[in-house]
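Q: Below is one structure. I have some questions about it.
Read-outs throughout are calculated quantities, based only on the coordinates presented, and are distinct from any laboratory measurement. Source: prediction; values computed, not measured. Using ideal geometry, Cβ is built from the backbone for each residue, glycine included, and neighbour counts are taken over all protein chains shown.
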Amino acid sequence: MAKQGMLAQLQALRRAEQHVLWLRANLSKHPITLRVERELLLRRTAVAVRAGTTVDAVLQSVQLPAANPKPQRTKEKSGP
């Protein structure tokens, strides 16, 4: 049962990492981006403590490609 709990935490951490990547790509200057990044760091640390490992080990287990944020929407010009 504990493994399932840890797996759920790692999956949530992956989703949070993806969200931060999207924020960095789309709202890099917005104050919410910095706040979310700080909260993600705290979450990584909490997961590492619960797992009895280091933050680096947790980061390796949830490593995401840096160049894979959601694409930005662009407005297409219509008409002449």
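Q: In nanometres, what is the gap between the two model label sites at residue 12 and residue 26, each 7 Å from Cα along Cα-to-Cβ?
A: Label at residue 12, label at residue 26, 2.3 nm between them.
Q: Moving to a separate point now. Arranged by the count of other C-beta atoms within 10 angstrom, fewest first, what order do 39, 17 take?
A: Values: 39 12, 17 17.
Ordered by Cβ neighbours within 10 Å, fewest first: 39, 17.
Q: With a Förster radius of 22 Å, plug the Cβ-Cβ distance of residue 35 and residue 57 into 1/(1 + (r/R0)^6) and report the FRET value to the nearest 0.05. Provide the component values of the computation, followed by the final result.
A: On the way: r = 25 Å, r/R0 = 1.15.
Efficiency, from the Cβ-Cβ distance: 0.30.
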